[in-house]
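Here's the structure we're looking at; comments come further down.
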Amino acid sequence: MAQAAFEELVEDFEFLEDWEDRYRVVIEMGKDMPVLDDALRVPATKVEGCASQVWIHPEVKGDTFTFMGASDALIVSGLIAVLHRLYDGLPMADVSGVDAKAELGRLGLTDHLSAQRSNGLNSMISRIQEFAAAQNAG
Amino acid sequence: MTSSVLDVAAIRADFPILSRKVNGKPLVYLDNGASAQKPQVVIDAITKAYAEEYANVHRGLHFLSNLATEKYESVRAVIARFLGAPDENEIVLNSGTTEGINLVAYGWAMENLQAGDEIVLSVMEHHANIVPWHFLRERMGVVLKWVDTELDGSLDAGKVVDAIGPRTKLVAITQLSNVLGTVVDVKTICAEARAKGVPVLVDGSQSAVHMPVNVDEIGCDFFAITGHKLYGPSGSGAIYIRKERMAEMRPFIGGGDMIREVSKDAVTYADPPMKFEAGTPGIVQTIGLGVALDYMMSIGMDKIAAHEKMLCDYARAKLDGLNWLNVQGNAPGKAAIFSFTLNGAAHAHDISTILDKKGVAVRAGQHCTGPLMTHLGLTATCRASFAMYNTTDEVDVLVEALELAHELLG
């Protein structure tokens, strides 16, 4: 079981049979993401390996993991929003334990996860995991 | 399906990959500008070459080496015929346009240009016809002079000619833009440049696929082609080089096959074109290219061009009807290459992702044309590029998929 926000999404997706509807939801979620401040769209937050531009800004607040993110592509913004539901608000110690690939598979979005896919979902997940590893090591 | 001068159903049957499905939908392959699919005759030729007729070329005296050499060398004449080159010894075999243009940069331009000399280019060149010249700019102080496209995406041949100054030593220009579909009047450019004593390199990577080409009529000095866009194997290609220019060139890549004699303190070279073909070449790729070009010629370049013009007109009318779609480039006589963006926030990658779900393969990105994208004020476009095996039905599928993309992303 992942976080409630993500489980809710999984439940919603169970009622969506065709990919168009799933994409519609993902795209809308992307549009609803809080705008990432220009000051945070910098080389340090930029995720390389994405065909479109992607920024991820992870933080620890108290003991809790949180992140902001953005992309100039709508579907990728939506995927960032999905990751947000998966990761944001987790206790810092739990972040490394998330099997993002398996969780996203529950949404029927695994076709976005092959290594050659240039949308960069793998790179985004790696960025989050690297941050978590560094935090937990420190 | 709108009627065509070609028996498109029969042609499609020659391309096994076209009958496969993608994401559960019939494949609609509209990424031909990046690479074309291969007919069965080419696939068979590759298999046969490896299964029955393979050895290294030019070296052995044994049966298979002679046979492979004969097959490989016979392609030179096929390419000469395809390009209308007067002499097959003006054809240098290589891995494609990128290598061909680099050969001209290193072998001819480095030898014949000096600091302050100019190369005239259009802003719509592919990086393959830009980066080798940047090398000369960085390393030798050669100056690049850029000619912009017009608002409709056309390129004014007169402006290219006017850009030729006293220090201009080369014009390097595409005959067909891989983004805009614009066809360039290279014949006029070559005639005017010749009158001023300036050689012209034509990037024929796209044009040779879509229209009859005759380098003798064009009057160019260099004409580069890429095999994998010509329904042939990747890693094959050629460049036509006028004899006078060949005589002015020094070898670019050194190694076996391009030499006459090598000793500890001297080397003499083979005669052109072998002088410019070092090392074991793409033997089987080149043999496959010969078969691909024969296949194209047996269909007829005029017919291929006529079919694609029909597709272009059909697609143009359909896409013009989508008032939320912006097609880049609307030059008269443009080829069936459509680069577009959607109104609103949709990124080219969003659009191509949705199209892919519908089985429609297009390219999204900069298309290796950084200067053109800057000129157009765009970061990326989607590109649908057609080939001889595409149909008007496929245009309809593209339009339906675009409507869905517009609905989802708008």
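Each label point is 7 Å from the Cα along the Cα-to-Cβ direction; what then is the distance between the points at A:Asp37 and B:Asn89, in nm?
Modelled inter-label distance: 7.2 nm.
What is the angle, in °, between the Cα long axis of helix B:63-83 and the longest principal axis of the Cα atoms in chain B? Nearest 10 is fine, range 0 to 90.
60 degrees
For B:Arg250, what charge total do you get from the other residues with a beta carbon under 10 Å from its beta carbon, if Lys and Arg give +1 and Asp and Glu give -1?
Residues near B:Arg250 contribute -1 overall.
Can you tell me, using C-alpha contacts under 8 Å and at least 6 residues apart, the relative contact order of chain B as a whole percent?
RCO, chain B: 23 percent.
With every protein chain present, what accessible area does B:Ser298 have (1.4 Å probe, heavy atoms only), rounded to the nearest 10 Å²?
Surface open to solvent at B:Ser298 totals about 90 Å².
Which FRET efficiency value, to the nearest 0.05, do you get for B:Lys159 and B:Asp265 by plugging their Cβ-Cβ distance into 1/(1 + (r/R0)^6) with R0 = 51 Å?
0.50
May I ask for the net charge around B:Ile173, where only other residues with Cβ less than 11 Å from the Cβ of B:Ile173 are counted and Lys, Arg are +1 while Asp, Glu are -1?
-3
Enumerate the amide H contacts of B:Asp156 below 5 Å, restricted to partners 5 or more residues apart or on another chain; note that Pro and chain-start residues carry no placed amide H.
Correct list: B:Glu150.
May I ask for the angle, rounded to the nearest 10°, between helix B:186-195 and the longest principal axis of chain B, with both axes built from Cα atoms and the value confined to 0 to 90°?
40 degrees
So how far apart, in nm, are the two label points at B:Ser35 and B:Ser3 if each is 7 Å from Cα heading toward Cβ?
It works out to 3.8 nm between the two label points.
Based on the Cα gyration tensor of chain A, what are the three equivalent ellipsoid semi-axes, each the root of five times an eigenvalue, rounded to whole Å and given largest first?
Output for chain A: semi-axes of 22, 18, 14 Å.
Just to confirm the number: angle between the C-alpha axis of helix B:348-357 and the first principal axis of chain B, 0 to 90 degrees, nearest 10?
For B:348-357 against chain B, the angle is about 80 degrees.
If you wrap chain B's Cα atoms in a convex hull and average its projection over all directions, what's the area in nm²? List each step's numbers first, then the result.
On the way: hull surface 82.7 nm².
That works out to 20.7 nm², a quarter of the Cα hull's surface.
Percent antiparallel among DSSP beta bridges with both residues in chain B, to the nearest 5?
Rounded to the nearest five, the antiparallel share is 60 percent.
Within the set of other residues whose C-beta is less than 15 Å from the C-beta of B:Thr97, count the net charge using Lys and Arg as +1 and Asp and Glu as -1.
Every neighbour counted, the sum reads -2.
Determine how large the accessible area of B:Thr374 is when every protein chain is in place; take a 1.4 Å probe and give Å² rounded to the nearest 10.
Only protein atoms counted, so the area is about 110 Å².
How high is the relative contact order of the stretch B:1-128? Use alpha-carbon pairs under 8 Å, at least six apart in sequence, and give a whole percent.
Result for the stretch B:1-128 is 11 percent.
Considering only Cα-Cα distances, which of the following residue pairs are longer than 21 Å: B:Lys229/B:Lys334; B:Lys38/B:Lys357; B:Lys145/B:Lys309; A:Lys31/B:Lys21?
Among B:Lys229/B:Lys334; B:Lys38/B:Lys357; B:Lys145/B:Lys309; A:Lys31/B:Lys21, the Cα-Cα distance tops 21 Å for B:Lys38/B:Lys357; B:Lys145/B:Lys309; A:Lys31/B:Lys21.
Out of residues 5 or more away from B:Ser122 or on other chains, whose amide H comes under 5 Å of its own, with H placed 1.01 Å from N in the peptide plane?
Placed amide hydrogens put B:Val147, B:Thr174 under 5 Å from B:Ser122.
Under a 1.4 Å probe, what is the accessible area of the stretch B:273-372 per residue, stated in Å²?
Result: 32 Å² per residue.
Rg/Rh for the protein assembly as shown to two decimals, with Rh computed the Kirkwood way over all alpha-carbon pairs.
1.02
Charges at C-beta only: +1 for Lys and Arg, -1 for Asp and Glu. How large is the resulting dipole of the stretch B:156-283 about its Cα centre, in Debye rounded to 20?
Here the stretch B:156-283 has a charge dipole of around 200 debye.
What do you reckon, how do B:Lys303, A:Lys61 stack up by accessible area (1.4 Å probe), largest on top?
Greatest to least solvent exposure: A:Lys61, B:Lys303.
In the stretch B:352-369, what residues drop by 10 Å² or more in accessible surface going from the chain by itself to the full protein assembly, probe 1.4 Å?
Buried-area filter returns B:Thr353, B:Ile354, B:Asp356, B:Lys357, B:Lys358.
Rank these by accessible area, largest first, 1.4 Å probe: A:Cys50, B:Cys382.
Values: A:Cys50 25, B:Cys382 0 Å².
The ranking, largest first, comes out as A:Cys50, B:Cys382.
Using a 1.4 Å probe over the heavy atoms of the protein chains, calculate the carbon and sulfur portion of the accessible area of chain A as a whole percent.
The value for chain A is 50 percent carbon and sulfur by accessible area.
The values are calculated or read from the model by the stated rules, or taken from the named source; none is laboratory data. Note that this is a predicted model, so its numbers are computed, not measured. FYI the Cβ positions are ideal-geometry reconstructions off the backbone, even for glycines, and counts take in every protein chain you see. Calculation scope for accessible area: heavy atoms of the full protein, side chains included, ligands and nucleic acids excluded. Shrake-Rupley method; radii C 1.70, N 1.55, O 1.52, S 1.80 Å.
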